[in-house]
Amino acid sequence: MTGDPRLARWMAIDLGDRRVGIAISDPEGMIASPAGFIERRAGKRPPLTALLERAAALEARGFVVGLPLDQEGEDSPRALEARRLAQELSARSGLPARLVDERFTTSAALQAIAAMGGSTRGRKGDVDALAATLLLQHAMRMAEGEFLRGEGTPLTTGVTEDTEDGVDG
């Protein structure tokens, strides 16, 4: 990616067992908006091809992948899956992928919906997309955008080299 990455559309991914929430930023990196979700078959690898297709359709120029660390801030099995997904997205698209600690994004999304008097009944995909939106908004604000430029000290850096048991292509 050339130029200032804040001036490009970033796609956030909130990886879940049944759905993958998606959000997209505006080209100026100021506003994150929900961009729906992709169904995921239980027990199957993340839907890499569908994510890449959605990224192309949304004209994304980078990925922000939620990293579900455990309560102590350590990698969980799901965090390792997110690391592999970020690595695969970047390798297959040639676009940067950043990992962001996503603990509590879903609960924050649920709280936001409740605060507005809304219901989540039958709207699980909307909750996942809102969680991805909160994740992206956080990434855009981290150190005033240094994180998306690859500068500064992000909450979590890097992806593992191990792609065994990776993602569906």
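Taken together, the residues in segment 17-68 that are among the hydrophobic types (A, V, I, L, M, F, W, C), in a loop (DSSP other than H, G, I, E, B) and closer than 19 Å to Glu102 by Cα amount to 1. Only a single criterion out of (1) part of a loop (DSSP other than H, G, I, E, B); (2) at pLDDT 85 or above; (3) hydroxyl-bearing (Ser, Thr, Tyr) is not satisfied by Ser90, namely (1).
Any residue at all in segment 33-55 that's modelled with pLDDT under 90 and touching a Ser or Thr at 6+ places or on another chain (Cβ under 9 Å)? Taking every residue of segment 33-55 in turn, none turns out to be modelled with pLDDT under 90 and touching a Ser or Thr at 6+ places or on another chain (Cβ under 9 Å).
Within segment 126-137, residues that are modelled with pLDDT of 80 or more sit with their Cβ atoms under 8 Å from residues that are surrounded by fewer than 24 Cβ atoms within 10 Å (Cβ to Cβ) and in a helix (DSSP H, G or I), at 6+ positions apart or across chains, in these pairs: Ala131/Thr106; Ala131/Ala108; Leu134/Ala108; Leu134/Ala112. In segment 62-77, the qualifying residues are those that are of a type outside the set (A, V, I, L, M, F, W, C) and under 13 Å from the mean Cα position of the chain (by Cα), and the one that is farthest from Asp26 (Cα to Cα) is Pro68.
The values are calculated or read from the model by the stated rules, or taken from the named source; none is laboratory data. All of these numbers come straight from a predicted model, not from anything done at the bench. Positions of Cβ are generated from backbone atoms using ideal geometry, with glycine treated the same way; all protein chains shown enter the neighbour counts.
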